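Engineer: Here it is, the structure, as structure tokens.
The values are calculated or read from the model by the stated rules, or taken from the named source; none is laboratory data. As the structure is a computational prediction, the values presented were derived from the model and not from experiment. Heads up, the Cβs are rebuilt from the backbone with ideal geometry, glycines too, and the neighbour counts pull from every protein chain shown. Each accessible area value is taken on the protein alone, full model and side chains, heavy atoms only, with ligands, DNA and RNA left out. Shrake-Rupley method; radii C 1.70, N 1.55, O 1.52, S 1.80 Å.
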Amino acid sequence: MIDDNNILELEVLEVIRKRYSDIFPAEKKVADLILRKSQEVVNYNVSELAKASGVSDATIIRMCHHLGYSGYYQFRIALARDLGKKQFKTAESENSADVVSKMFEDFAETMVAIGKRLDKNVVRSCVDLIKGAGTVHIISVGNTTNLARYMGFRLERLGVKSTYSELPEYYINHINLSDENDIVIAISKSGTSKNVLEGMKLAKGKKLKMIAITASIKSPVADLADYVLISSGKQEPLSIYKGYSYLNEFAIIDALLSFTVNEELIEVTHANRPELLLAKNKI
């Protein structure tokens, strides 16, 4: 007997096996796929898993509820945790020097894969939008707000006016008062952040151009954007620990910033002045 209050202490695959007889036939199709291909399925969002299983998005949510989880996100994170533990044990058994070297090789391979995956024409269009924008409204929630602050700060040092805030109330206000030549950059690794989507829907209603930086091409955020920059490189299982890493998204942001540099604009807007004023605080 499984206690729902302790559901997160149990391994997901074991929960599925023990409650398999309690779920509906359509839900069993999903459960069967997860049991067969857990390493692959853990990378799927709701829509991707539904399509692969031949069921509706609602069936995925109902299955998670019947198993004892609050929703698909909690279920997926728990599954990623279980798989991550196994990966960590495998890594621990390897030579430590090799592990460190391999880690940086993996980083490099991922950066190269992202670069090859990006459409140069899409990148060029994004850079042109940023350069020609009245104001760039950068929206994100949760852990990705660090990326929004970083990008906004860097853009302002390049002479590009920006707004960025970790509070949805703030960035929704900014978008609501935006001008027609403003643009929105939405950052959401999962592509399913509700507050980011609300900001994008408002921007779409105002006919603002939107750029999305996301790891999921098949996501609501990607669907709403005019231009999508995919931050995923090579396919690898979702890890609850690696999920907090935004190295890929930072790489895309840095690439955009590098292409956005305009010495003339920096000169006209005196964008370098703050750095000169703050120089006295450094040795």
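Engineer: Evaluate the Debye formula for the stretch 2-46 with equal point scatterers sitting on the alpha carbons, no solvent, and hand back log10 of I(q)/I(0) at q = 0.15, 0.25 Å⁻¹, in q order, two decimals.
Structural biologist: Each listed q corresponds, in turn, to -0.40, -1.00.
Engineer: In square angstrom, what is the accessible area per residue of the stretch 129-208 with a 1.4 angstrom probe?
Structural biologist: Numbers: 3720 Å² over 80 residues.
Normalised by residue count, the accessible surface of the stretch 129-208 is 46 Å².
Engineer: Extending each Cα 7 Å along its Cβ direction at PHE153 and ARG36, get the distance between those two points in nm, one decimal.
Structural biologist: That separation, rounded to one decimal, is 4.9 nm.
Engineer: Could you sort out which of LYS120/LYS194; LYS120/LYS209; LYS116/LYS161; LYS29/LYS51; LYS131/LYS209; LYS116/LYS194 sit more than 20 Å apart by Cα distance in this structure?
Structural biologist: Details: LYS120/LYS194 29 Å; LYS120/LYS209 18 Å; LYS116/LYS161 30 Å; LYS29/LYS51 11 Å; LYS131/LYS209 13 Å; LYS116/LYS194 30 Å.
Correct reply: LYS120/LYS194; LYS116/LYS161; LYS116/LYS194.
Engineer: Please give the Cα centre distance for the stretch 201-227 versus the stretch 103-132, rounded to the nearest Å.
Structural biologist: 17
Engineer: Separate question: Using a 1.4 Å probe over the heavy atoms of the protein chains, calculate the carbon and sulfur portion of the accessible area of the stretch 144-214 as a whole percent.
Structural biologist: Heavy-atom surface of the stretch 144-214 belonging to carbon and sulfur, 1.4 Å probe: 50 percent.
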